[in-house]
Amino acid sequence: MMSDGPRNLPPREPARPYSKVRSQLATGDLFFLQTTTRVGRWIEKLEEQADLPPYSHVGMVIKDDADLFLWDAPGGGDCFVDPYARDDPDNRLYGLHVEHPGCRVSALDDVLAYYATKVAVPKGGVPGFWVRQLTPPVSREQFTALRKFINRVDGLPFLTDFGYFPLLANFAAGQRRTTLSFGTYFCSQLVADSYMHMGLLEMEARPPNAYAPAHFGIETADFGMTDPPPLVKPAALGGLCFVTWDRSVGQGARCKQEAW
């Protein structure tokens, strides 16, 4: 059974303020963006053509002791300090690049303050993000597996040579269960591969590059390419919730990257 047409974004109401949600965030939780950037709108149009809800970017929360980070592949910018590249001798960028483009760990509050300047905001509304939370909490073994994966791929690029054709080609290859552009990541590919390395996402169903941001926002299956990711039980993603940004915006304004 295929869907009847493009899926709309979930409602923004009822919404919860970030200041109330922040203390409940944990590793594996996902933030979704719909942006106003040129590239963001291009990604959203592609998803609409595939009957997917039009998110342009997805990133994954990391809770490391008391610290909250976002692990994402934003596609550019040397704008935010990567604490793992700075502090972990096993990280491939240790001693080289603390602020870098490509796959990146950054302080959640700082990067969301910047992304809040890039998201689409309805007239009279406030900036925000859709959030899905992972249950049950990741185990120590799963977190260790994630850290090892991050150390191996931190800083790998989001390929933009020849425009954005490589992104589309790699995603299309994923639908055929193959992969192009080894050693590069787009945002949802990075989330999928991170989930796979933690044992949260089935590896046999599709390769990581078969997932668009919107796949992780789908809650019901229609038995086609718009199925939600096949998580390994008991892992599950909760319902989507719109989280309003109730802190100041603009940190990272010097950053030239686009929020995808």
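Taken together, the values in this text are just the output of simple stated rules run on the coordinates, not laboratory data. Computed from a prediction, not measured in an experiment: that's the story for all the values here. Reconstructed Cβ throughout: ideal geometry from the backbone, glycine too, with neighbour counts over all protein chains shown.
General observations
- Shape class for the chain: rounded, because the ratio a/c of the largest to smallest gyration tensor axis (alpha-carbon atoms, square roots of eigenvalues) is under 1.5.
- Region 161-201: chymotrypsin sites (Phe, Trp or Tyr not before Pro) in DSSP coil with no more than 16 other Cβ atoms inside 10 Å: Phe162, Phe182
- Over the residues of the chain, the helix contribution to mean residue ellipticity at 222 nm works out to -7000 deg cm²/dmol, using -39500 (n - 2.57) for each DSSP H run of at least 4.
- Modelled FRET efficiency - R0 35 Å, Val121 with Asp87, Cβ distances, 0.05 increments: 0.50
- Among His100, His215, sorting on how many other beta-carbon atoms sit within 10 Å of each Cβ, with the fewest leading, yields His100, His215.
- Once exposed loop GluC sites (Glu not before Pro) are cut out (DSSP; at most 15 other Cβ, 10 Å), longest piece of the chain: 1-201
- Förster radius 25 Å - calculated FRET efficiency between Leu231 and Thr179 (Cβ-Cβ, nearest 0.05): 0.75
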